[in-house]
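Where a number appears in this text, it was derived from the coordinates with a stated rule and is not lab data. This structure is a prediction, so every number in the text was calculated from the model and none was measured. Cβ placement follows ideal geometry from the backbone for every residue including glycine, while neighbour counts extend to all protein chains displayed.
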Amino acid sequence: MLAGVAALTSCLREKTAQDIYNEQASGVALVLNQYYYSARFPDGSVIYFSGLDEDGDLRDIAFDRDSVKPSTAFATAFFVDNSGSLLTNRHVVNPEISTKDVKSYVQKLIKALQAYTEGLQIAMAERYKELQDRIDANTSIYYDEYRGYYATESPENDYLRSEQQELSDRFDEAQEYIDELSTIDVSELTLDVHCEVGVAYHDTYVTKPEDFKPCVVVRQSSVEGIDLALIRLKNKTTPQGAYVFSTPKDEGNIFGPSRAEREKLAISQPLVLIGYNHGMQLAATREGIKAQLTTGNVSQQPDDNRVMYSIPMLQGSSGSPVVNLYGELVAVNFAGMNGTQSFNFGVPLSRINEFLKGH
């Protein structure tokens, strides 16, 4: 009898934001992705670069892998099992780049290299003519009745002709280079992104990239518009004491809402996000890095692919867990509206469940 009463009265209760933070912040990790891109040409040659700048130009171009300078991006992930698995966004671990823009830049680069090389050829031709003028000036023509016309030259002409030959060889090499550039088919260029992903834990000290725990990318959603990815610590072990997020499993009881009621988000329903806004800049404190908690409300009736809410956030909060006031996972934050912090989007619970089940 008493056991039955206890079961009935132990209903699911709403929590304060402080309670949610105290309980769940340990399960939210700061993600560091150091990445660069490679562009492979049909002939097998490769160039490496860190990304595109505001003008659409390739940044930090290198011609060997060891010389490339990677880009750095921060984001958020959270533990979903005891085997070191964390959920985050696809764009966090696979930063997309416009293939069209890269091809356009490479085409411009090819034309610029051709024009530059042609300019070198013009300079070489002018130098060749200067040398020939000096050779002619160092040459005297004579005539006598026994030998006819004959020439005498300064010994300097041997050096001048040697330089002419070098110029001629370089001119031909430059022409071969121009011809090779003209054969490059930019439409066949292939792009790849190379990422090194690591995470750092709430309440730990982080001062350099080596302090981040290395991860591997396990899986990315193949469904367009479902921005989810699963990463895993290389040691396959969730840190002791770290909170593990799970989707709602209980059905509630007569004193509280049912699971179905809790999962169905309603307009103006309060939500809580825990994440790393602005990466290390806001995370770093004298007591180690700390996640931030922000709150808001559902601001649009959710559809199958996204839920809109008014939780303010900055870059770095991609991949953050969004929970209800019971502390239950309801979404994974993935995007915001440009020019405002007031309207942001998350992948809803139904899509999270499908992804975690491997659908």
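Before moving on, here are some points about what is shown:
- Over segment 100-186, Cα pairs under 8 Å with separation of 6+ residues give a relative contact order of 36 percent.
- Rounded to the nearest 20 debye, the dipole magnitude of segment 120-218 is 300 debye, with +1 charges on Lys and Arg beta carbons, -1 on Asp and Glu beta carbons, and the Cα centre as origin.
- Using the average count of surrounding beta-carbon atoms within 10 Å as a protection proxy, the listed peptides 140-148, 268-276 rank, highest first, as 268-276, 140-148.
- Each label was represented as a point 7 Å from its Cα along the Cα-to-Cβ direction; for THR295 and ILE184 these points are 5.6 nm apart.
- Seen from every direction in turn and averaged, the convex hull around the alpha carbons of the chain projects onto 27.5 nm².
- Considering only SER246, ILE178, LEU30, the residue lying farthest towards the positive end of the dipole of the chain is SER246, judged by Cα position with unit charges set on Cβ.
- Computed from backbone phi with θ = phi - 60° and the Karplus coefficients 6.51, -1.76 and 1.60, the 3J(HN,Hα) list for segment 14-25 is 5, 10, 7, 4, 5, 4, 4, 4, 4, 7, 10, 4 Hz; x is used for glycine and proline.
- Cross-link partners of LYS108 among lysines (Cα-Cα below 26 Å; sequence separation of 8 or more within a chain): LYS69, LYS100
- A simple count of charges around VAL216, restricted to other residues whose Cβ falls under 13 Å of its Cβ and scoring Lys, Arg +1 and Asp, Glu -1, yields +4.
- In terms of distances greater than 32 angstrom between alpha carbons, the cross-link table entries LYS234/LYS290; LYS103/LYS129; LYS213/LYS264 yield LYS103/LYS129; LYS213/LYS264.
- Per residue, the average separation of C-alpha pairs within less than 8 Å and at least 6 apart gives segment 15-147 a relative contact order of 19 percent.
- Selection from HIS194, GLN164, ALA229 lying farthest towards where the dipole of segment 152-235 points positive, charges on Cβ: ALA229
- If you sort the three axes of the alpha carbon gyration tensor as a ≥ b ≥ c, you get a/c of 1.5 or more for segment 100-186 and a/b above b/c, which makes it prolate.
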